[in-house]
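Chemist: Right, I'll just put the structure down here and ask away after.
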Amino acid sequence: MLRSAWVLAAVVFLLASLALSQDAGHFDASFNGAGVFTKESDGNGIKQSATAGSNYFGTFRFKFKPKHSFIFDYGRAKNSQVYQTGFDFHVLTTISEYSGAYVYSPLQKGRFQPFVLVGGGVLRFNPRSTWVVLPDFAKNVPNRVQINLNATKQTELAFLYGAGVDYRLSPRFAVRLQYRGFVYRAPDFKVTTASGGAVSFFTGSNGHMAEPSIGLVFRF
C-alpha cells in the first residue's frame, strides 16, 4: 500500500513537472553512496544505538526556479540496531528510505553550487535476524547466539534536513557532496513486554541518523 502510494505520487509529480518545465527549470538525477551513523537513544533503562553502516540512494530533483527545487529520494541502508538491556542484542536491519524535500540554492560561484534542504519522509526498518552478544568466555567458544524475538517490520515518520554542494564537471554532470540528517522515533520492532515478550526494545525516545555522502549527478 505504501509503495503504491509513493509510485502514484511520483507519477503525478512527474507529469506536473513536465508541464511546468516547458517554461522554466530543469531536472537532475543522482546516485549516491553514504555512511550511516546513528546517535545513541536512551529510555526505559535501555540504551539503543546502531553500528556504522552504508546507504545507497537515488535522488530526482526538479528545479522550478533558479534557486528553488524539490527532490525525491529512495534509498536502502544496512546496519545493526543495538539494544543494551542487561544483555546486548543486535538486530541486523535493512532500512528503506522514501523521502522528499525542498532545496534552496542561494548562489553559484564558478563550478560550485551550495544548497540546503528540509523535508520529511518515512523510514522502513526491516529486521533480518536477531542476535544476543555474550561476553568472551574462552577461545573458540562462540559469543553470538541467534534468537527469535518475533521482531517485525516497522515504519517511522522522519524529519529530514541537510546541506551540500554540487561541483560542476560539465554542463551535464556534477559531483555532489552533502550531509543529511534524519530525526525519527527509535524503532523497537514491536519487541515489548506489553506484547507479552520477556524483552523490551522500547525506549520511547527519538533517534538521529547522520549520512555524509558523495554522488554523481546527471542533468537533463
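Chemist: On C-alpha positions alone, give me the angle between the axis of helix 2-20 and the longest principal axis of the chain, in degrees, nearest 10.
Modeler: In the chain, helix 2-20 runs at an angle near 10 degrees to the longest axis.
Chemist: Among the aspartates and glutamates, which fall within straight-line cross-link reach of Lys67, defined as a Cα-Cα distance under 16 Å, with same-chain neighbours fewer than 8 residues apart omitted?
Modeler: Asp23, Asp28, Asp166
Chemist: Run lengths n ≥ 4 of DSSP H only: what is the helix-derived mean residue ellipticity at 222 nm for the chain, with -39500 (n - 2.57) per run over all residues, to the nearest 500? Each step should come with its number before you reach the end.
Modeler: On the way: 1 runs with 19 residues, N = 220.
Roughly -3000 deg cm²/dmol at 222 nm, from the helical runs in the chain.
Chemist: Provide the FRET efficiency to the nearest 0.05 for the Leu169-Arg128 pair, computing r from the beta carbons and using R0 = 45 Å. List each step's numbers first, then the result.
Modeler: Details: r = 38 Å, r/R0 = 0.83.
Step by step, r from the Cβ atoms, then E = 0.75.
Chemist: In debye, nearest 20, what is the charge dipole magnitude of region 79-204 about its Cα centre with +1 on Lys and Arg Cβ and -1 on Asp and Glu Cβ, if you could check?
Modeler: On the way: 13 positive and 6 negative charges, 112 e Å.
Value, rounded to 20: 540 debye.
Chemist: Follow-up. Distance check, please: which entries in Lys39/Lys65; Lys47/Lys190; Lys39/Lys153; Lys65/Lys153; Lys78/Lys109; Lys47/Lys78 exceed 27 angstrom between their Cα atoms? Write out the running numbers ahead of the final one.
Modeler: Working: Lys39/Lys65 36 Å; Lys47/Lys190 16 Å; Lys39/Lys153 21 Å; Lys65/Lys153 39 Å; Lys78/Lys109 36 Å; Lys47/Lys78 20 Å.
Check vs 27 Å cut-off fails for Lys39/Lys65; Lys65/Lys153; Lys78/Lys109.
Chemist: Could I ask something else about it? In Å², and per residue, what accessible area does the chain have when probed at 1.4 Å with the other protein chains present?
Modeler: On the way: 11690 Å² over 220 residues.
Accessible surface, normalised per residue, equals 53 Å².
Chemist: Positive end of the dipole of region 39-89, charges at C-beta (+1 Lys, Arg; -1 Asp, Glu), about the Cα centre: which of Phe62, Ala50, Gln84 has its Cα farthest in that direction?
Modeler: With unit charges placed on the Cβ atoms, the residue in question is Phe62.
Chemist: Would you work out which of Leu107, Ser170, Pro135 lies farthest towards the positive end of the dipole of region 73-220, given +1 charges on the beta-carbon of Lys and Arg and -1 on that of Asp and Glu, about the Cα centre?
Modeler: Going by the charge dipole, the pick is Ser170.
Chemist: Distance from the Cα centre of region 196-220 to that of region 155-185, in angstrom?
Modeler: When both Cα centres are located, 14 Å separates them.
Chemist: Moving to a separate point now. Mean separation of Cα pairs under 8 Å and 6+ residues apart, divided by the residue count of the chain: what relative contact order is that in percent?
Modeler: Details: 574 pairs, mean separation 45.1, N = 220.
About 20 percent, as a whole number.
Chemist: Which value, in debye to the nearest 20, gives the size of the charge dipole of the chain about its Cα centre, when Lys and Arg are +1 and Asp and Glu are -1 at the Cβ?
Modeler: Values: 23 positive and 12 negative charges, 126 e Å.
Rounded to the nearest 20 debye, it is 600 debye.
Chemist: A further question on this structure: Can you give me the long-range amide H partners of Thr192? Hydrogens built in the peptide plane at 1.01 Å from N, cutoff under 5 Å, separation of 5 or more residues or another chain.
Modeler: Correct list: Gly197, Phe201.
The values are calculated or read from the model by the stated rules, or taken from the named source; none is laboratory data. Since the model is a prediction, treat every value here as computed from it, not as a measurement. Neighbour counts run over all protein chains shown; Cβ positions are idealised from the backbone, glycine included. Heavy atoms of the whole protein, side chains included, go into the accessibility calculation; ligands, DNA and RNA do not. Shrake-Rupley method; radii C 1.70, N 1.55, O 1.52, S 1.80 Å.
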